[in-house]
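*Asks:* One structure follows; several queries about it will come next.
What follows draws every value from the coordinates through simple rules; no lab data is involved. None of the values given here were measured: they were computed from a predicted structure. Reconstructed Cβ throughout: ideal geometry from the backbone, glycine too, with neighbour counts over all protein chains shown.
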Amino acid sequence: MAQERDKAGLQQQIDENLKRVYDEALEQQVPDRFAQLLAQLREKDAKK
């Protein structure tokens, strides 16, 4: 019983940490160089 409870607690902690890392990644801005490349691709696509 205690082992199952520990396993569930560990799983919950892992889930919370993964969610926190994912949320932090979503908040990061796109690097300038990548944004420039996207803009260039959009320009090329618009010219077609």
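*Asks:* Kindly provide the helix-only [θ] at 222 nm of the chain, computed as the sum of -39,500 (n - 2.57) over DSSP H runs of four or more divided by all residues, to the nearest 500 deg cm²/dmol?
*Replies:* Helix contribution divided over all residues of the chain: -30500 deg cm²/dmol.
*Asks:* Between ASP15 and LEU38, what FRET efficiency comes out of the Förster formula 1/(1 + (r/R0)^6) with R0 = 25 Å and r the beta carbon distance, rounded to 0.05?
*Replies:* FRET efficiency, LEU38 to ASP15: 0.20.
*Asks:* Would you be so kind as to identify which of TYR22, GLN12, LEU41 lies farthest towards the positive end of the dipole of region 2-47, taking Lys and Arg as +1 and Asp and Glu as -1 on Cβ and the Cα centre as origin?
*Replies:* So the residue furthest toward the plus end is LEU41.
*Asks:* A follow-up question, please. With +1 on each Lys and Arg Cβ and -1 on each Asp and Glu Cβ, how big is the dipole of the chain about its Cα centre, in debye rounded to the nearest 20? Let's see the in-between values first.
*Replies:* On the way: 9 positive and 10 negative charges, 85 e Å.
The calculated dipole for the chain is roughly 400 debye.
*Asks:* Each residue of region 6-15 in turn: what ³J(HN,Hα) in whole Hz from Karplus with 6.51, -1.76, 1.60 and θ = phi - 60°, glycine and Pro shown as x?
*Replies:* Coupling constants for region 6-15: 5, 5, 5, x, 5, 4, 5, 5, 4, 4 Hz.
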